[in-house]
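Contents: one structure, followed by commentary.
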Amino acid sequence: MEMFLSGIQMLMHIDVLVALLIGSIGGVVIGAIPGVGPAVAIAILLPATFAMEPLVGLTMLLGIYGSSMFGGALPAILINTPGTAVNALTTYDGHPMTRRGEALRALGLAYGASFAGGILSIIALILLSPVLAKIAPMFGSREIFLAALLGLVLVVLAHRGQTFAAGMLAALGIFLGTVGLEPVKYTQRFTFGQQWLGSGFDLIVVVLGLFALSQAFLLLTEPESAPKTEKITGSMGRAMSEVLGFKRIAGVGAGFGVLMGMIPGVGEFTAQFLSYTYAQKTSKTPEAFGKGSPEGLVASESANNAVPAATMIPLLALGIPGEALTAMMLSVFYVHNVIPGPQLFQGQLDFVYALYVAMILLNVIVVCFMLVASNGLLKIIRIPTRFLGVMILTLSFVGVYSLRNSTVDCAIAAGFGVLGLILKRQNLPVVPIVLGMVLGGIMEVKLRPAMARVKVFTDFFDRPIAAFLGLAILTLITLHFVGLYRENRNRDPEEQP
């Protein structure tokens, strides 16, 4: 309790609260604009957060991450266009409700379910923190190496149907992370005598290119659009309170969000799918799902908003990001020499609690904002896409240049922007590249000290957690190939090559 109160005290500073307010409301606005999303916003803001205190910068980024899904539900429900990728499932039941004249009810259920999922997940994680504080010190170098490898395997396997491409892109990310000075003996690697490669590829430059610049290029090369929307009338508060009639579904959705968020590489999509499937199988009217079912809407929105808090667990406890957004946040820790991992839970548990309380506050701020601002956000939805593209392009280059006042960084970012555009055009994932860079670096740094005590291969797994992680990796890879074999065996003979 003392640490919890200390965390609240850390949060009660004007700069932290202002950052949280800006991040929370800004995240809603970003989420409401189709085609932008939190990854672009966080990538653009990253250089600015390096000049802030770690808690200030992280609360701003967390505000954007946690609130963007609230905003993303607005266009998903009203114009059948998800504001963020994770709001895609919201269109299944949200837009059909709009078409039959229940737009206010659909928005109220979405906001209420997101709030319930977010709060329930954070409460669960606050209760779990003492347990995590005891488990985290059991992770040594080899356990963190294996956990990072497990995260990489999960990221690749999560892209079902694209696992080979995801694996190759993750390998590309690992390779990019090796360019420049080697971290132990500081020898040059893969620089080929080029001075501009001496410092390697900066993660923030790559992130800005792959996410922000590629999205700007995409918006500028596609036909311009500005969706039309109609004004919402009625009491939003009364509509949000209707979620109390779906307490079981919201609770289960939050549970799936917590579990899936804690597993690197899984995230919102799996949590939503499991929650939606559960709601449909236990519903008295399963035939209504996909046609405007309130239960389906609550299931998807409660699950996706429960994930952001849970994704902070592997990041804070082990220093291992589970997806691109937490990988970006990891750079904020490193810039300020705050190293996530077992030491953070042992020595700075109040800092962890401060982040959790910040997430509770951001949910409260967003709900209050949505009660009065939904109609105002409709004007933001109608912003022309070409204008958005120019704004993102300008802000991205400003952010890249501000890092080191380097035009070379701008050129590198532009190159990765073109790569990101090509990948998006081909429907290939961008996230494995970023996680390959981050997790590959962790694996390299942790493998060297881990090998000092290893004489034979089996010594690497002679501790319980290491053995469990190694078994989990082997099991996942085996199950994946077994699944591929079964799919190929059951395929129609006419489809065989």
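Go through the residues of the stretch 91-111 one by one and say whether even a single one is over 22 Å from Ala288 (Cβ atoms) and either aromatic (Phe, Trp, Tyr) or assigned to a helix (DSSP H, G or I) (or both).
Checked the stretch 91-111: no residue is over 22 Å from Ala288 (Cβ atoms) and either aromatic (Phe, Trp, Tyr) or assigned to a helix (DSSP H, G or I) (or both).
Name every residue in the stretch 29-52 that is over 11 Å from Thr84 (Cβ atoms) and part of a helix (DSSP H, G or I), in order of residue number.
Val29, Ile42, Ala43, Ile44, Leu45, Leu46, Pro47, Ala48, Thr49
Among the listed residues Leu378, Leu403, which satisfies the condition of being at pLDDT below 80, touching an Asp or Glu at 6+ places or on another chain (Cβ under 9 Å) and open to solvent by 10 Å² or more (accessible area, probe 1.4 Å)?
So the residue among Leu378, Leu403 that is at pLDDT below 80, touching an Asp or Glu at 6+ places or on another chain (Cβ under 9 Å) and open to solvent by 10 Å² or more (accessible area, probe 1.4 Å) is Leu403.
Filtering the stretch 240-260 down to residues that are open to solvent by 40 Å² or more (accessible area, probe 1.4 Å) and within 17 Å of the chain's Cα centre (by Cα), which residue is farthest from Ala116 (Cα to Cα)?
Leu259
Could you please let me know if Gly63 is surrounded by fewer than 18 Cβ atoms within 10 Å (Cβ to Cβ) and at pLDDT 80 or above?
no
List the number of the failed condition for Gln162; all other conditions in (1) under 19 Å from the mean Cα position of the chain (by Cα); (2) touching a residue at least 24 places away in the same chain (Cβ under 8 Å); (3) open to solvent by 40 Å² or more (accessible area, probe 1.4 Å) hold.
(1)
Can you find a residue that is modelled with pLDDT of 85 or more and over 26 Å from Val357 (Cα atoms) anywhere in the stretch 105-116?
yes
Condition check ((1) in contact (Cβ under 8 Å) with a residue 12 or more places away in the chain; (2) over 29 Å from Met329 (Cβ atoms); (3) open to solvent by less than 30 Å² (accessible area, probe 1.4 Å)) across all residues:
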{"position": "Leu428", "(1), (2), (3)": "yes, no, no"}
{"position": "Pro432", "(1), (2), (3)": "yes, no, yes"}
{"position": "Pro449", "(1), (2), (3)": "yes, no, no"}
{"position": "Arg453", "(1), (2), (3)": "no, yes, no"}
{"position": "Phe460", "(1), (2), (3)": "yes, yes, yes"}
{"position": "Ala467", "(1), (2), (3)": "no, yes, no"}
{"position": "Ala472", "(1), (2), (3)": "yes, no, yes"}
{"position": "Asn488", "(1), (2), (3)": "no, yes, no"}
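Touching a residue at least 12 places away in the same chain (Cβ under 8 Å), polar (S, T, N, Q) and more than 28 Å from Val398 (Cβ to Cβ): does that describe Thr187?
Spelling it out, it is not the case that Thr187 is touching a residue at least 12 places away in the same chain (Cβ under 8 Å), polar (S, T, N, Q) and more than 28 Å from Val398 (Cβ to Cβ).
If you go through the stretch 177-219 one residue at a time, how many are open to solvent by 30 Å² or more (accessible area, probe 1.4 Å), within 26 Å of Leu325 (Cα to Cα) and in a loop (DSSP other than H, G, I, E, B)?
Selection size over the stretch 177-219: 4.
For the stretch 90-122, how many residues meet the condition of being closer than 16 Å to Ile249 by Cα, surrounded by fewer than 24 Cβ atoms within 10 Å (Cβ to Cβ) and aromatic (Phe, Trp, Tyr)?
Number satisfying all stated conditions: 1.
Within the stretch 66-89, track down each residue that is surrounded by 24 or more Cβ atoms within 10 Å (Cβ to Cβ) and under 16 Å from Leu325 (Cβ atoms).
Gly66, Ser67, Ser68, Met69, Phe70, Gly71, Gly72, Gly83, Thr84, Val86, Asn87 - these are the residues of the stretch 66-89 that are surrounded by 24 or more Cβ atoms within 10 Å (Cβ to Cβ) and under 16 Å from Leu325 (Cβ atoms).
Can we say Thr458 is farther than 30 Å from Val205 by Cβ, at pLDDT 85 or above and of a type in the set (Ser, Thr, Tyr)?
no
Picking from Ser300, Ser331, Ser283, which residue would you name as being surrounded by fewer than 24 Cβ atoms within 10 Å (Cβ to Cβ), more than 27 Å from Ser6 (Cβ to Cβ) and hydroxyl-bearing (Ser, Thr, Tyr)?
Ser283
Mind listing whichever residues of the stretch 124-143 are assigned to a helix (DSSP H, G or I), open to solvent by 10 Å² or more (accessible area, probe 1.4 Å) and either free of Cβ contacts under 8 Å to residues at least 40 places away in the same chain or within 28 Å of Thr475 (Cα to Cα) (or both)?
The answer is Leu127, Leu128, Pro130, Val131, Leu132, Ala133, Lys134, Ile135, Pro137, Met138, Ser141, Arg142.
Which residue pairs have Cβ atoms closer than 6 Å, lie 6 or more positions apart in sequence or on different chains, and pair a first residue in the stretch 144-158 that is surrounded by 24 or more Cβ atoms within 10 Å (Cβ to Cβ) with a second residue that is β-branched (Val, Ile, Thr)?
The qualifying pairs are Ala147/Ile320; Ala148/Ile320; Ala148/Ile442; Gly151/Ile320; Val156/Thr163.
Would you list the helices (runs of 4 or more DSSP H) that sit entirely within the stretch 326-432 and hold 1 or more residues that are in contact with a Ser or Thr (Cβ under 8 Å, 6 or more places away or on another chain), under 30 Å from Gly237 (Cα atoms) and not small (Gly, Ala, Ser)?
So the answer is 349-381.
The values are calculated or read from the model by the stated rules, or taken from the named source; none is laboratory data. Computed from a predicted structure; not experimentally measured. Positions of Cβ are generated from backbone atoms using ideal geometry, with glycine treated the same way; all protein chains shown enter the neighbour counts. SASA here: full protein model, heavy atoms, side chains in, ligands and nucleic acids out. Shrake-Rupley method; radii C 1.70, N 1.55, O 1.52, S 1.80 Å.
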